[in-house]
Amino acid sequence: MELTTQKHRSFEPSDDARAGANIAGMEAYRALVAQAEHDYEGFWARLARETIEWHEPFSKVLDESNAPFYTWFEDGELNASYNCLDRHVAAGHGERVAIIFEADDGAVTRVTYAQMLARVSRLANALKRRGIARGDRVVIYMPMSVEGIVAMHACARIGATHSVVFGGFSAKSLHERIVDVGAVAIITADEQMRGGKTLPLKPIVDDALAMGGCEAVESVIVYRRTGGEIAWNAGRDCWMHDVVANESDVCEPEWVGTEHPLFILYTSGSTGKPKGVQHSTGGYLLWAAQTMKWTFDWKREDVFWCTADIGWITGHTYIAYGPLALGATQVVFEGVPTYPNAGRFWKMIDDHQVSLFYTAPTAIRSLIKAAEADERVHPARYDLSSLRIIGTVGEPINPEAWLWYRQHVGALRCPVVDTWWQTETGGHMITPLPGATPTVPGSCTLPLPGIMAAVVDETGQDVPDGQGGILVVKRPWPSMIRTIWGDAERFTKSYYPQELGGALYLAGDGAVRDTNTAYFTITGRIDDVLNVSGHRLGTMEIESALVSHELVAEAAVVGRPDETTGEAVVAFVVLKRGCPRGEEAAQLAKALRDWVGKEIGPIAKPKDIRFGDNLPKTRSGKIMRRLLRSLAKGEAIAQDTSTLENPDILNQLGQAR
Ligand code: WT7
């Protein structure tokens with residue numbers, strides 16, 4: 001693919017955006033890039049000293065002797081919760097608002113840094129009293145709430161490693177994660193509120209624990225969100241408000257080594273089993289704080305709002321850790337963008353005077369649709385003049401949506417930062433800098449200083465600009481994944497494959513760089529991972545869920561481009577009893593969709609299910625996914641089908657259900 005000239009014009013940062021920016025102008029950016037190239041360790045050591053308050057200073061920077069298990073600042077000691085809370089209170093900022101929490105129903109609560117510190121300390125003391133100690137793993141299955149963030153910091157404070165599971169995951173997915181991570185405790189809520197509806201959480205924890213193999217879980221701590229009726233296991237369950245009631249609001253932080261695992265967050269890979277991405281404490285926190293300053297150009301007066309859920313990496317880095325590490329004021333939102341109407345985000349930006357706004361392309365696309373259908377929820381009806389910088393994350397943003405976002409939300413004034421990164425990278429990797437980089441719709445532009453991103457071919461050789469290839473990172477960086485929990489071999493194979501020479505970090509995305517600007521454009525995943533509404537889903541996970549249904553003999557899952565969700569899940573299914581037709585097929589499709597929802601979670605439900613007597617296979621029995629992808633898109637089959645064992649099957653599977 002040749003991408004010599006950009007299809008879209010570029011937008012220079014305004015003089016206003018440049019003036020006083022943390023990185024002001026491209027010369028300043030290039031100077032930092034040069035510093036990193038010239039003295040890689042010195043560059044990172046300086047940032048580590050600037051962004052973190054060390055309990056014990058480090059003397060070593062990068063250790064590559066056990067590659068690809070790199071370590072950073074290994075002999076330093078720190079505590080993440082201390083860095084996010086105590087140090088701001090000690091500096092006299094205890095009365096500053098840390099969190100402006102807006103509930104689903106619109107109720108607003110403000111929590112200061114001093115209050116956060118007291119709440120985190122009380123819960124940390126309660127965890128210790130229940131026997132939870134440094135190195136233990138705690139699963140957090142919580143709604144978007146102050147309590148969810150407090151739970152993460154309470155773990156960090158005592159040196160326990162948290163593993164947050166998104167509240168939309170099923171009992172089975174939750175169970176798999178509890179067992180894999182070896183959790184000793186679970187922090188959850190009775191129920192959650194989203195879009196005016198009540199959804200269960202504690203009942204799902206009960207179901208997960210009943211599946212067996214979770215004997216290590218001794219405590220289930222329950223935050224009372226709704227007061228809904230829930231079952232109770234007196235020996236194991238306790239209310240959060242009860243356990244913190246008599247605890248001191250002082251808790252000495254547990255000082256941990258820089259490499260101590262702060263958290264494990266599960267994400268989908270190309271095989272069925274989710275990967276427990278293990279992050280460090282120091283390298284991770286450094287980059288969470290630094291990218292707030294660079295990508296969002298954060299300043300003390302800003303009100304930051306990241307709309308992600310704490311169940312995903314974006315919610316870890318740009319809600320729970322990054323903003324707090326700097327002492328920022330941020331909005332945290334419990335609900336959904338379309339309740340009570342699709343003007344909710346715009347109203348909240350106005351109400352809370354948000355200056356830095358960060359959301360997902362899928363949300364933008366669905367709000368464009370809503371604004372076009374009903375002028376009352378159009379951003380033009382709200383005062384968004386507080387905005388300074390607007391960002392997107394999680395999936396490619398199509399130029400039309402980018403231009404709309406810039407015009408109608410950013411008033412042609414706010415720089416748009418399209419940030420490329422991953423659960424594994426810990427923080428931003430390739431992104432415009434709002435006071436420096438000219439932006440181009442659909443491109444995440446240039447790597448941050450210190451990030452050695454490149455595009456290579458299947459053998460690991462650089463490809464010329466304008467030619468598509470595989471996105472890699474050539475040198476380790478502090479916030480990178482340390483390993484896959486319990487599976488070091490899978491870590492090496494997935495991220496440092498021998499085919500590329502074993503020294504390049506393989507992101508799993510394709511990319512192309514522009515011949516004029518060297519800007520990166522991400523062309524999508526190159527493995528069997530789908531991106532639906534910014535959620536990462538493994539095709540094999542969904543296939544395993546489908547074949548675990550008693551009626552299903554075989555299933556293959558592929559992605560299809562979707563106007564709103566970016567990609568949509570399409571499943572091709574062969575039933576044990578033959579191909580159903582008409583009404584029966586429609587009913588079975590619904591039943592299987594619900595089944596996947598129960599097995600994994602509603603986000604994984606196939607949009608389209610197609611039944612056939614068989615799947616298109618080669619004579620050696622390999623499923624031809626290329627053909628399935630064409631069928632899913634409704635394209636005419638242009639590929640060679642001569643190696644196909646059963647060409648007639650294509651007609652049958654071509655029919656959407
Ligand atoms: C995958 C990572 C990054 C935090 C949220 C998702 C895709 C992410 C972009 C972007 C194009 C993007 C990639 C990546 N992706 N950001 N700005 N442009 N694609 O984290 O669940 O680990 O998913 O999301 O395919 O590999 P994740």
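Working only within the stretch 280-320, note down all residues that are of a type in the set (D, E, K, R) and more than 16 Å from the ligand (Cβ to nearest atom).
LYS293, ASP297, LYS299, ARG300, GLU301, ASP302
For the stretch 596-651, which positions are free of Cβ contacts under 8 Å to residues at least 40 places away in the same chain and among the charged types (D, E, K, R)?
LYS605, ASP613, LYS617, ARG619, LYS622, ARG626, GLU635, ASP640, GLU645, ASP648
Restricting the first residue to the stretch 502-514 and requiring it to be under 12 Å from ALA454 (Cα atoms), which pairs with a second residue that is within 15 Å of the ligand (Cβ to nearest atom) and of a type in the set (S, T, N, Q) meet a Cβ separation below 7 Å and a spacing of at least six or different chains?
ALA507/GLN422; GLY510/THR523; ALA511/THR521; ALA511/THR523; VAL512/THR521; VAL512/THR523
Of everything in the stretch 50-76, what is buried (at least 18 other Cβ atoms within 10 Å of the Cβ) and not in a loop (DSSP other than H, G, I, E, B)? Give them in sequence order.
Answer for the stretch 50-76, where residues must be buried (at least 18 other Cβ atoms within 10 Å of the Cβ) and not in a loop (DSSP other than H, G, I, E, B): THR51, LEU62, THR71, TRP72.
Sort out which residues of the stretch 607-638 are touching a helix residue (DSSP H, G or I) at 6+ places or on another chain (Cβ under 6 Å) and either farther than 15 Å from VAL574 by Cα or among the aliphatic types (A, V, I, L, M) (or both), and write them in order of number.
Those that are touching a helix residue (DSSP H, G or I) at 6+ places or on another chain (Cβ under 6 Å) and either farther than 15 Å from VAL574 by Cα or among the aliphatic types (A, V, I, L, M) (or both): ILE609, LEU631, ILE637.
For the condition under 17 Å from ALA185 (Cβ atoms), among the basic types (Lys, Arg) and more than 16 Å from the ligand (Cβ to nearest atom), what is the one hit in ARG236, ARG225?
ARG236
Which of the residues that make up the stretch 201-239 are buried (at least 21 other Cβ atoms within 10 Å of the Cβ) and within 26 Å of GLU102 (Cα to Cα)?
LEU201, LYS202, ILE204, VAL205, ILE221, VAL222, TYR223, ARG225
Quickly run through the stretch 101-130 and pick out the residues that are within 19 Å of TYR223 (Cβ to Cβ), hydrophobic (A, V, I, L, M, F, W, C) and not in a loop (DSSP other than H, G, I, E, B).
Scanning the stretch 101-130 gives PHE101, VAL108, VAL111, MET116, LEU117, ALA118, VAL120, LEU123, ALA124, ALA126, LEU127.
Restricting the first residue to the stretch 232-254 and requiring it to be part of a helix (DSSP H, G or I), which pairs with a second residue that is not hydrophobic (A, V, I, L, M, F, W, C) meet a Cβ separation below 7 Å and a spacing of at least six or different chains?
Once the first residue is part of a helix (DSSP H, G or I) and sits in the stretch 232-254, its partners that are not hydrophobic (A, V, I, L, M, F, W, C) give MET240/GLU147; MET240/TYR223; HIS241/ARG224; VAL244/ARG122.
Mind checking which pairs have a first residue in the stretch 524-550 that is among the polar types (S, T, N, Q) and a second that is more than 14 Å from the ligand (Cβ to nearest atom), Cβ under 6 Å, 6 or more apart or different chains?
THR539/VAL557; SER544/GLY272
Being of a type in the set (A, V, I, L, M, F, W, C) and under 23 Å from ASN246 (Cβ atoms): is that true of ILE132 here?
yes
Every residue in the stretch 331-360 that is under 23 Å from ALA320 (Cβ atoms) and of a type in the set (Val, Ile, Thr), please.
Within the stretch 331-360, VAL331, VAL332, VAL336, ILE349, VAL354, THR359 qualify.
Identify, from the list ALA17, ALA28, ALA24, ALA45, the residue that is surrounded by 14 or more Cβ atoms within 10 Å (Cβ to Cβ), in contact with a Phe, Trp or Tyr (Cβ under 8 Å, 6 or more places away or on another chain) and either at pLDDT 95 or above or not hydroxyl-bearing (Ser, Thr, Tyr) (or both).
Only one candidate qualifies: ALA45.
Looking at the stretch 329-341 only, could you name the residues that are of a type outside the set (D, E, K, R) and in contact (Cβ under 8 Å) with a residue 40 or more places away in the chain?
THR329, GLN330, VAL331, VAL332, PHE333, GLY335, VAL336, THR338, TYR339, PRO340
Hey, does the stretch 569-592 have a residue that's within 16 Å of the ligand (Cβ to nearest atom), within 23 Å of the chain's Cα centre (by Cα) and at pLDDT 95 or above?
There is at least one residue in the stretch 569-592 that is within 16 Å of the ligand (Cβ to nearest atom), within 23 Å of the chain's Cα centre (by Cα) and at pLDDT 95 or above.
Does the stretch 302-316 contain any residue that is touching a residue at least 40 places away in the same chain (Cβ under 8 Å), surrounded by fewer than 22 Cβ atoms within 10 Å (Cβ to Cβ) and not in a loop (DSSP other than H, G, I, E, B)?
Yes, the stretch 302-316 has at least one match.
The values are calculated or read from the model by the stated rules, or taken from the named source; none is laboratory data. Nothing here was measured: the structure is a model prediction, and the numbers come from that model. So basically every Cβ, Gly included, is an ideal-geometry build from the backbone, and we count neighbours across all protein chains shown.
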